[in-house]
Amino acid sequence: MIDGAVLYLHTNKSCMESLQKYFEKHKERFLKELIEWLSIPSVSADQKFKDDVFEAAEFAQKKLLAAGVDRAEVCPTNGYPIVYAEKIIDKNLPTVLIYGHYDVQPADPYELWDSPPFDPIIKDEIIYARGSSDDKGQIYMHIKALECMNAGGSIPCNLKFMIEGEEEVGSENLGTFISNNKKKLAADVVLISDTSMLSNDIPSITTGLRGLSYMQVEITGPNRDLHSGVYGGSVANPVNVLCNMIASLVDGNGRITIPGFYDHVKEVSAAERAEMAKAPFDLDDYKRELGVQAVSGEAGYSSVERTSIRPSLDVNGIWGGYTAEGAKTVLPSKAYAKISMRLVPEQNSERIAQLFTDHIHNIAPETVQVKVISMHGGEAVVTPIDSIAYKAASMAFKQTFGKAPVPVRSGGSIPIVALFEKELGLKTILMGFGLDSDNIHSPNEHFGVFNFYKGIETIPWFYKFYAEMK
Ligand code: BES
Ligand code: MN
Ligand code: MN
């Protein structure tokens, strides 16, 4: 139980009011700072941006210090550093561990952007830049929420920040950092803003994330590229072979054909599916917004279900042979594909990677050689909706949006969430302020100024309600 007097000191009405005043007075500067951060191309996947990734970490450290943390450090790892900071108010108060990432996805293809991805612009109250929604814009809300609380004299929880720079490439070094720093990271709950809401009028809390197995397949045919007239028809073409193999991975009912793939997939009860179906979703809007005539997927499930409670398999990239301008007649020696499988609770990502590897070897014709690499992965999570953290988040949204949020399971993956539970015994609350239509990982990624500001305003309420109930 928390000392009432200590708590009152940090959550009384006048504190929330002066926090709000500070926010109104400084919010334009907050936006300018975010734009400065977004101008640093912190692409973790591409070595060309190595110095920028480090610079983005230092920027976060600097801004955390300015926001009022007790200490902030850029912790080296074997890859990109982890920015750790803390603000310890009182040992009687609960501790919240805030996680986010300062690295971003590659911006390619650049020519499809209406404005340069690392030259942020605000157009019609929307910030356009790589990382604006995923995740720099969202983690920056937390840094600014702290600044406001600090200035307003009301920080009702101890805060620990862990902001990594390798989320978009599989968080390879984060697991080691967590197991080496269990004491430092001790907390009551993890808070993450790296997901989306249903819409700006329908706030939602993400209650599930899918797991992931990410694979690369390399097919080798003849020992060199061949003339496609001289040899075509008599030597297996690795690109053709790869396409056939991929086509066979999903059947006519949208079911994945890898033996054992569905072994541990739990059927969600009819009652829960009925509950999920209550969340607002308009299939026509969905199709219109994506520019597709029809949706597709596993028979017997709705689009919402197909991206939340059911697994999926997708080719993320495929290449081989001649792809430059004009026509070159060639029968390529090699073909490649990157394939991801999104997983649901109880499917183990390593087991699935093994099943995939075995299956690809089994179905490959003897005309080619096959190499399969498992690149990275992580486990699915479902978060409880009867926890104090969920209630606090729900009340916080109600406070600032005027509406209680709906629980929604998302199709994306944040593999570290399962690790927080396993390594630190911590549950996570996913308070995302982006929208699915923000074009994350895609050209013209954007984040609403409304969403950025609403996040900063909502987060302090979470701490207040959480501390009051804890
Ligand atoms: N923030 C996303 C995950 C996300 C986005 C979850 C939208 C829910 C809604 C995260 O940065 C991400 O892109 N994760 C990767 C996995 C990672 C291992 C590369 C993903 O989901 O593809
Ligand atoms: Mn993200
Ligand atoms: Mn991402």
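The figures follow:
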quantity	calculated
Failed item in (1) without any contact (Cβ under 8 Å) to a residue 40 or more places away in the chain; (2) closer than 30 Å to residue 111 by Cα; (3) more than 15 Å from ligand 3 (Cβ to nearest atom), with residue 442 passing the rest	(3)
Members of the stretch 191-203 that are more than 15 Å from the chain's Cα centre (by Cα) and either of a type in the set (A, V, I, L, M) or surrounded by 24 or more Cβ atoms within 10 Å (Cβ to Cβ) (or both)	198, 202, 203
Residue within the stretch 357-365 that is part of a helix (DSSP H, G or I), at pLDDT 95 or above, of a type in the set (A, V, I, L, M) and within 23 Å of residue 195 (Cβ to Cβ) present	no
Residue that is over 25 Å from residue 406 (Cβ atoms) and buried (at least 24 other Cβ atoms within 10 Å of the Cβ), where the choices are 229, 221, 233, 175	221
Residue, nearest to residue 114 (Cα to Cα), within the stretch 440-462, restricted to residues that are within 16 Å of ligand 2 (Cβ to nearest atom) and polar (S, T, N, Q)	442
From the options 50, 21, 27, 62, residue that is in a helix (DSSP H, G or I), of a type in the set (Lys, Arg) and in contact with a Phe, Trp or Tyr (Cβ under 7 Å, 6 or more places away or on another chain)	27
Test for residue 389: is it modelled with pLDDT of 95 or more, in a helix (DSSP H, G or I), farther than 15 Å from residue 209 by Cα and within 16 Å of ligand 1 (Cβ to nearest atom)	no
Members of the stretch 149-187 that are acidic (Asp, Glu) and closer than 24 Å to residue 462 by Cα	164
Selection from the stretch 294-314 of residues that are outside any loop (DSSP other than H, G, I, E, B) and either buried (at least 17 other Cβ atoms within 10 Å of the Cβ) or touching a residue at least 24 places away in the same chain (Cβ under 8 Å) (or both)	304, 305, 306, 312, 313, 314
Check on residue 83, crowded, with 23+ Cβ neighbours inside 10 Å and within 21 Å of residue 130 (Cβ to Cβ)	yes
Residue check for residue 424: in contact (Cβ under 8 Å) with a residue 24 or more places away in the chain, within 16 Å of ligand 3 (Cβ to nearest atom) and over 27 Å from residue 317 (Cα atoms)	no
Residue 435 vs. criteria crowded, with 24+ Cβ neighbours inside 10 Å and closer than 20 Å to residue 136 by Cα	no
Residue that is within 15 Å of ligand 3 (Cβ to nearest atom), in the same structural domain as residue 47 (by TED's automatic domain parsing) and of a type in the set (Lys, Arg), where the choices are 136, 144	136
Filtered residues of the stretch 71-103 (kept if aromatic (Phe, Trp, Tyr) and away from ligand 1 (no atom under 16 Å from the Cβ))	84
When residues of the stretch 101-111 are limited to those that are surrounded by fewer than 15 Cβ atoms within 10 Å (Cβ to Cβ) and under 22 Å from the mean Cα position of the chain (by Cα), the one nearest to ligand 2 (Cβ to nearest atom)	108
Hits in the stretch 373-386 - residues which are surrounded by fewer than 19 Cβ atoms within 10 Å (Cβ to Cβ) and more than 11 Å from ligand 1 (Cβ to nearest atom)	373, 374, 382, 384, 385, 386
Extreme residue, surrounded by the fewest Cβ atoms within 10 Å (Cβ to Cβ), among residues of the stretch 130-164 that are in a loop (DSSP other than H, G, I, E, B) and away from ligand 1 (no atom under 13 Å from the Cβ)	153
Filter result for residue 346 (out of contact with any strand residue (DSSP E or B) (no Cβ under 9 Å at 6 or more places or on another chain), charged (D, E, K, R) and in contact (Cβ under 8 Å) with a residue 24 or more places away in the chain)	yes
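The values are calculated or read from the model by the stated rules, or taken from the named source; none is laboratory data. In this text, all values refer to a predicted model and were calculated from it rather than measured experimentally. Please note: Cβ atoms are built from the backbone with ideal geometry, for glycine as well, and neighbour counts cover all protein chains shown.
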